[in-house]
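A.B. asks: Shown below is the structure under consideration.
The values are calculated or read from the model by the stated rules, or taken from the named source; none is laboratory data. Remember, it's a predicted structure, so these values are computed and weren't measured experimentally. No Cβ is skipped: glycine too gets one built from the backbone with ideal geometry, and neighbour counts run over all protein chains shown.
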Amino acid sequence: MSAGRLVNIVGGSFDLEGGDISNQISLNCYPVYPRGEEAKEGSYMQGRPGTELALDFRGDADISAPCRGLYQDTTGKIWTAYSDWVIRVNPLSLTFEKIYQIGEGSEDVSFADNGFYLLFCDGAVMYSFDMVSESVTAVSIPFAKPKKVRYFDGRMICINNDDTVDGSLDVSEQVKNWNRFFYSDTGKDGPITWPALNFETCAQDADRILSFEARQDSLWFFGERSFEVWRPTRIAAKPYQQAGGSGSELGCRAERSTASILDQVFWLGGSKAGSGQVWVSNGYSAKKISNDGIEDEILAMGAEAKNCIGWTWAEGGHIFYVMNFTTAKGIDSVDQVGKTLVYDLTTDKWWHASTRDSVLNLNKRWEAIYAVYSSATDTTYFANLEDAVILKLNPDKYDQCNDIPRICERISPIYWQNLKPMIIDELVLDFEVGVGTLNGQGDDPECMVSMSPEGGRPGSWTSERKTKLGKRGAYQWQPSIRRLGRSRKPAIRIRVSDPVPFKLLGLRLRQRTIGR
């Protein structure tokens with residue numbers, strides 16, 4: 001009897017419209033390509049880390065979800081905003097204080113500090129928190145509706161939603177304030193000092209500034225139809241100037257999609273010609289990182305794509321850009337439950353993240369939103385879309401907060417043998433086995449396997465069949481499934497919901513070709 005052939009199971013999400021080319025999905029798992037010395041396999045699928053509760057605000061009637069912002073200041077304290085309260089968290093003691101009550105609304109709350117003052121704004125008012133006296137005051141600024149603030153090159157930078165025009169300026173210089181970015185003075189008290197003429201105008205296009213990101217030596221400003229990059233000059237009278245050749249007619253479709261990490265800036269693109277592609281900074285220009293399948297998914301969202309929230313985090317040698325489409329149709333094709341796409345900068349692969357709704361029994365958007373890393377506790381913390389809580393990432397936990405299962409799923413590429421019908425006699429899985437829990441759920445973990453004779457089209461999957469992954473210590477266990485059926489173009493779906501490590505290394509098919 002033939003030993004079968006090894007087929008590729010490792011890869012990212014690549015789900016194309018039509019169904020006959022690729023329906024690959026990596027849900028709550030992503031490909032890893034080990035570097036260094038030779039390994040047993042050159043790649044494998046790794047389950048995303050689990051989350052657990054770090055801090056619970058739900059006992060306070062004044063605080064409710066969703067989170068409006070998350071930030072770590074220069075002293076290591078974590079700041080967040082839920083409902084109309086700005087909250088300070090001590091990550092060492094996991095205690096919190098309600099610092100200030102702001103306007104309740106849906107606007108994000110943006111934070112920045114220089115070590116002496118912490119600024120926060122909510123789209124209506126800019127406030128300063130004196131980090132010595134711990135007093136809060138409203139900052140006098142020469143513009144209205146401050147929406148996002150960042151510390152950069154010794155100053156605070158802020159953009160706004162103010163559509164008024166400064167009539168005191170010469171007519172040739174009159175533009176709406178939302179086409180300008182404003183900057184504070186330098187020094188200890190710089191964040192609370194905003195001279196009226198401390199501004200620059202983004203003139204690549206007449207579109208208003210939707211968002212911006214500070215990236216090492218540059219500021220990236222995004223309009224709906226354009227972006228431009230500005231750099232510091234070290235000249236006091238004109239501290240910033242546009243970087244030569246940086247203007248582009250590529251803009252930003254979702255203003256909350258912009259995010260940065262290290263020297264990279266990410267965003268969901270838009271332009272006069274169209275939208276639906278995802279971009280990353282490349283010098284002072286942009287490089288497309290979305291594949292055709294990801295773009296098909298975004299375009300299918302229609303107007304809901306504008307409700308994308310972008311953020312970044314790093315884990316285990318991987319750098320992730322997360323796009324949480326909060327109101328889009330979910331991965332299970334259910335309206336309004338949301339969808340989360342994740343790009344791995346390390347491998348240039350995409351995957352899907354989700355939170356399992358145990359009541360509706362479906363996958364919806366990942367509940368995690370925004371991330372900060374605390375060096376004091378060596379922990380990554382997430383805010384939450386669903387509940388007034390702070391979560392923490394735990395690489396040694398294999399389910400979600402509140403012990404809700406984390407569903408790891410991989411849908412394979414389409415397998416074919418010269419377009420001939422084949423009968424799959426046996427499927428053998430190369431999994432990390434023998435890692436069951438000591439007791440309770442997962443002490444005898446299982447993997448669910450199904451086959452689609454139509455290449456993975458929705459509704460074409462056979463009933464799931466189970467194979468064991470081995471109790472704790474059963475390292476010689478070999479999971480397999482026999483008699484999967486007949487197809488010209490089969491795709492395989494593999495699911496694990498038990499709270500055990502998910503490492504899928506390979507797949508061997510023993511099949512026979514028949515007929516023509």
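A.B. asks: Against the definition (in contact with a strand residue (DSSP E or B) (Cβ under 8 Å, 6 or more places away or on another chain) and among the aliphatic types (A, V, I, L, M)), how does Leu391 come out, yes or no?
C.D. replies: yes
A.B. asks: Can you name the condition, by its number, that Phe111 falls short on among (1) within 30 Å of Thr377 (Cβ to Cβ); (2) in contact with a Gly (Cβ under 7 Å, 6 or more places away or on another chain); (3) in a loop (DSSP other than H, G, I, E, B)?
C.D. replies: (3) is the only condition that Phe111 fails.
A.B. asks: Can you confirm whether region 411-430 contains a residue that is free of Cβ contacts under 8 Å to residues at least 60 places away in the same chain, in a loop (DSSP other than H, G, I, E, B) and more than 30 Å from the chain's Cα centre (by Cα)?
C.D. replies: no
A.B. asks: Within region 192-219, restricting attention to residues that are small (Gly, Ala, Ser) and without any contact (Cβ under 8 Å) to a residue 60 or more places away in the chain, which residue is farthest from Ser246 (Cα to Cα)?
C.D. replies: Ala196
A.B. asks: Answer with yes or no whether Ile87 is crowded, with 19+ Cβ neighbours inside 10 Å, outside any loop (DSSP other than H, G, I, E, B), without any contact (Cβ under 8 Å) to a residue 60 or more places away in the chain and in contact with a Ser or Thr (Cβ under 7 Å, 6 or more places away or on another chain).
C.D. replies: Judged against the criteria, Ile87 is a match.
A.B. asks: Related question: So which residues in region 90-107 are over 14 Å from Phe129 (Cβ atoms) and part of a strand (DSSP E or B), if there are any at all?
C.D. replies: Selection gives Asn90, Thr95, Phe96.
A.B. asks: How about region 114-140: which of its residues are surrounded by fewer than 19 Cβ atoms within 10 Å (Cβ to Cβ), of a type in the set (A, V, I, L, M, F, W, C) and assigned to a loop (DSSP other than H, G, I, E, B)?
C.D. replies: Phe116, Ala124, Val125, Met131, Val132
A.B. asks: Still on this model: Looking at region 1-18, I want the residues that are outside any loop (DSSP other than H, G, I, E, B) and have a partner that is modelled with pLDDT of 85 or more and hydroxyl-bearing (Ser, Thr, Tyr) with Cβ atoms under 7 Å, at least 6 apart or on another chain. Which pairs are those?
C.D. replies: Taking only residues 6 or more apart or on different chains, the pairs are Val7/Tyr415; Phe14/Ser22; Asp15/Ser22.
A.B. asks: Hey, another quick one. Could you say which residue among Gly459, Gly473, Gly434, Gly442 is part of a loop (DSSP other than H, G, I, E, B), touching a Gly at 6+ places or on another chain (Cβ under 8 Å) and surrounded by fewer than 14 Cβ atoms within 10 Å (Cβ to Cβ)?
C.D. replies: Gly473
A.B. asks: With the checklist (1) modelled with pLDDT under 95; (2) among the hydrophobic types (A, V, I, L, M, F, W, C); (3) over 30 Å from the mean Cα position of the chain (by Cα) in hand, flag the one item Ile404 doesn't pass.
C.D. replies: Against the list (1) modelled with pLDDT under 95; (2) among the hydrophobic types (A, V, I, L, M, F, W, C); (3) over 30 Å from the mean Cα position of the chain (by Cα), Ile404 comes up short only on (3).
A.B. asks: Report, ordered by the first and then the second residue, all pairs with beta carbons closer than 8 Å, sequence separation of six or more or different chains, a first member in region 109-131 that is free of Cβ contacts under 8 Å to residues at least 24 places away in the same chain, and a second member that is surrounded by fewer than 21 Cβ atoms within 10 Å (Cβ to Cβ) and not in a strand (DSSP E or B).
C.D. replies: From region 109-131, the pairs are Ala124/Gly103; Ala124/Gly105; Ala124/Glu107; Ala124/Lys145; Val125/Gly103; Asp130/Phe116.
A.B. asks: Something else now. Just checking, how many residues over region 207-231 are closer than 16 Å to Asn160 by Cβ and in a loop (DSSP other than H, G, I, E, B)?
C.D. replies: Selection size over region 207-231: 6.
A.B. asks: Could you tell me whether region 294-311 includes any residue that is hydrophobic (A, V, I, L, M, F, W, C), touching a Lys or Arg at 6+ places or on another chain (Cβ under 9 Å), on the phi > 0 side of the Ramachandran plot and modelled with pLDDT under 95?
C.D. replies: Taking every residue of region 294-311 in turn, none turns out to be hydrophobic (A, V, I, L, M, F, W, C), touching a Lys or Arg at 6+ places or on another chain (Cβ under 9 Å), on the phi > 0 side of the Ramachandran plot and modelled with pLDDT under 95.
Condition check ((1) within 16 Å of Val342 (Cα to Cα); (2) not hydroxyl-bearing (Ser, Thr, Tyr)) across all residues:
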residue: Ser218; (1), (2): no, no
residue: Ser260; (1), (2): yes, no
residue: Asp263; (1), (2): no, yes
residue: Ala273; (1), (2): no, yes
residue: Trp279; (1), (2): yes, yes
residue: Ser290; (1), (2): yes, no
residue: Gly317; (1), (2): yes, yes
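A.B. asks: Condition check: part of a loop (DSSP other than H, G, I, E, B) and out of contact with any His (no Cβ under 6 Å at 6 or more places or on another chain). Does Ala39 satisfy that?
C.D. replies: In short, yes.
A.B. asks: When you look at Arg365, is it free of Cβ contacts under 8 Å to residues at least 60 places away in the same chain and buried (at least 20 other Cβ atoms within 10 Å of the Cβ), yes or no?
C.D. replies: yes
A.B. asks: Considering only residues that are outside any loop (DSSP other than H, G, I, E, B) and over 14 Å from the mean Cα position of the chain (by Cα), which ones fall in region 381-392?
C.D. replies: Val389, Ile390, Leu391, Lys392 - these are the residues of region 381-392 that are outside any loop (DSSP other than H, G, I, E, B) and over 14 Å from the mean Cα position of the chain (by Cα).
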